[in-house]
Each structure stands twice: as structure tokens, then as C-alpha cells.
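We did not get these values from a lab; they are worked out from the coordinates using the rules stated. No experiment lies behind these values; they were computed from the predicted model shown. Note: ideal-geometry Cβ built from the backbone for every residue, glycine included; neighbour counts use all protein chains shown.
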């Protein structure tokens, strides 16, 4: 569950009585807000003394230090958070994240009087305060957050759309963090179906329906698993009735052993995150519904499990896609592109989208190329790509454009079929994107985002604890807002 935030009037008597944590937003230098001065007097000058120390002066905007068991207060700690009066959105979110990082079951009261970007502070706090601890005996679920602001009613209203996005990011992180014995393909589909309650139209296609549609590439990936393949279609109709939708497409491999081309044991436990693309699509659709976006968007996710079994597809198999093209399976661990090939084609045939974006934890080559700081973006359309990169930059989610080109096609040429599913080691992320491009119609503006490196980074980030990041929910929500609602 996302952190719950409420805004209230600044109340000095209530602040004195807080027994847990207090966080105070303070400028790097100069006069401090009136209520903070009053708090400083109650603490016998401890705030101002701390602000003269080298430890405070070395902090960057958005960073913090703690004063434990402050004199004159009931609180167990007062956190001093450095934030300029004219802070940027990034600085404000980092300041909130510093509070969220220290958030415990006792909660926190934040003194934000005099701070203009209090809503962005709340957003950063909510994102960084997230925890996934449902399988731990000693849970450390964050307690309540009260933010004392100048205009709490206005802040509450302004925070609503950001709260919707924070809820959606938490939803995506939860999905990515779930173990595969819990988040099976059917459980995943059921959780998405529950979003009918917030206004989404949700349709689940089972294996007979997928067979009838000709999605043999997708079905082949999951045929070695006892967990049946599913395709889930989510629709949000908030725009003009006849306006073509934006289509969001997600790879949802709930666990990836590599199939017959089995992966090494080391690190395989992280392959619960191979449904990250589907998780992001689901999160974006949730955000749009919760904030009642004025746009038409459809999300299509393919849910399978890639397991070795007597029924599993083999290297050397040839499968036919929904489009009709044949694919020689060289490596069963290059399975995500087979899933995407069919649902990319399905989305275009059914919805005739104005644009299409797919997300997938597709290649280890992407991690080698860009590490864990940037997702790789491939595109056939300059306008859509530039808008996507701009949205990612404004949300602080790293994205870097990668090349496409006909010269890479020769690497996926097959002697037996129309193409093969992998071009080998060299330019692996590019040949994967080049493969997907064959299932995108010339008239469809399209971006492919390889999120292999950013979905489950090895360390905490500015706005997320160690674990699932939810990368992409904020970017795509902003893209919809700027391209379709402005």
C-alpha cells in the first residue's frame, strides 16, 4: 500500500506533543520560517546551532540530518531537511524522499509552512516511503504522515493527481516484487480484473481465445508451464468518443527460467521481475483511471511463464505469429519478443491506435549497454520518441535513445523461416528491437522501451528503496497528460 498523507494547518501545540518523528524543511541559509523559529526556541536553539555545523553546510538540497531526542519536545527525533525557498521539483521530491527514507511505523509530522512546493515534497515522501514487507514476520509498514502546510485544503486538492500516480507506482512495485508462486498468470490477470472497480474496462483472453486469434508465438512460450497463458486488455475511455487511443503493450513473463535454453542458477531468483513491462502498463492504466485522465488509452499485456518441461518449445522449433510470419526459435530464452510480437499485432488490428509503446525487461544486452540508470528507447517516429524522452527527463526517470536500422536485419535472418528470434550476442538489444519492428505497421508511430536495467536496480534510488522501482509509470502518465490532455 502507498504511504498515506494528510495535510493540516500548522499547529505549534500539536507539534510539541508529537512523540514520534518530526521533519522540518529549512532553507540552506538565511531566515527560517516563523513556526520553525518558534520550534527552535522550544528546542533551546538546537535548530540554529545545527545549521551552523559543517555537517549541515555540506548537505545538498534535498538531504537531511537528524537531531535525536531533542530537548523541549516529546519527539524521539527531529529531522532537518535542506530545501531552498525556490526549490526545483527535483529538489522538493528529494527532500520528501529523505523524510520517506527514515519513515517508520510511528509515522512523521512534517513542518512545511512557508514551502511553496509542499505537494512535490509529499510526492517524493510517498514514493520513497514505500515498503514491500508482506512476507516478513516483523513488518515495518510506514505509519501516518501529517504535513503542516500554509494552505492545507489547497494542498490536498493539488496532491490528488500525484497521489493517484504514487498509488499506481506502488501497485507496479507490488506486482514486480511478488514471488512467482503467488503471482501466477491467473493471479496477475485477476488483480488486473479488480481494476474494474476504479472504472477500467478489463477483458481477459484465455488460451482457447488466443489459439483462435492465432497467437501461436505467445502460446509457444508458455506451453511448458502449468500456469496458462493469458492476455489482458485494459481500456480507459476518458477522451473523445471516436478518438484513436494510445496503446501500451507489456511483456508479462511471470517467471523466466529460460526454458530449454535454461539460464544459469545464479541470479535466477530475480526473474520474478520479467513481468515488469506488464506491471508498468497496469500501473499507468491505474493512474489514468484514478485521476480520471481526459484521454483514450488501451493497455494490452501478455502473461506467460517460461518453464522447461516435456511440452516446452525447443531450440529449432518454428512457430507462426498472429501476423502470419514464421519464426525459428534459436534460443528459448529470447521469449519476450515472441510474446510482444503477437500482442503488438493484436493491438493494431483491433484498436488502430494513434501510437503504440511497448515495455519489456527484454535483454541483458540492455543492462550491459546502459547499466541501471537508463532504459533504452527505440522508435520509428521522431515526434513520439521526443515526447517520451522529454516526459522521462521531467520525471527524473533515465531514458536513452538507441538506434534501429536495416543493417541489423541480416542478424535475424533465418534459412528456414521468415526470421529467427535472436541475432546472437552482438547488438543484442538492437536486434531484439529490430525483431519487434517487424510486427509494427508502417503507419503506426511506435516506441519500444527495454527496461531490463531499471526495473529491479541493485541499490536504492532517489525515490525508491532497494527493490522494484516502478520505472515508467510516472513517465508514461506525464506523456499522456502532455500529448493527449493539454
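Work out, step by step, the length gained on full extension between residue 425 and residue 187: first 0.36 nm times the residue separation, then minus their alpha carbon distance; give nm to one decimal.
Gain on extension, residue 425 to residue 187, equals 82.2 nm.
Could you work out how far helix 428-437 tilts from the main Cα principal axis of the chain, as a 0 to 90 degree angle to the nearest 10?
In the chain, helix 428-437 runs at an angle near 70 degrees to the longest axis.
For volume of the Cα convex hull per residue in Å³, pick the label among (i) 135; (ii) 170; (iii) 148 that corresponds to the value derived from the coordinates.
For volume of the Cα convex hull per residue in Å³, the calculated option is (iii).
Compute the angle between helix 118-128 and the longest alpha-carbon principal axis of the chain, please, reported from 0 to 90 degrees and rounded to the nearest 10.
Once rounded, the angle reads 60 degrees.
Given a Förster distance of 30 Å, report the FRET efficiency between residue 154 and residue 294 from their Cβ-Cβ distance, rounded to the nearest 0.05.
Efficiency for this residue pair is about 0.85.
Which angle from 0 to 90°, rounded to the nearest 10, does the C-alpha axis of helix 152-177 make with the longest principal axis of the chain?
Once rounded, one gets 40 degrees.
Given points 7 Å out from each Cα along the Cα-Cβ axis, report the residue 69 to residue 8 separation in nanometres with one decimal.
2.6 nm
What ranking do 330-336, 34-40 get when scored by the average of other Cβ atoms within 10 Å per residue, highest first? Before the final figure, lay out the partial values.
Working: 330-336: 22.9, 34-40: 17.3.
The peptides rank, most packed first, as 330-336, 34-40.
Quick one: Cα centre-to-centre distance for segment 180-219 and segment 421-486, in angstrom?
Centre-to-centre (Cα) distance: 21 Å.
Which peptide among 233-242, 421-430 comes first, and what is the full order, when sorted by highest mean count of other Cβ atoms within 10 Å?
Ranked from most to least packed, the peptides come out as 421-430, 233-242.
Sorted by mean Cβ packing within 10 Å, highest first, what order do the peptides 294-300, 115-121 take?
115-121, 294-300
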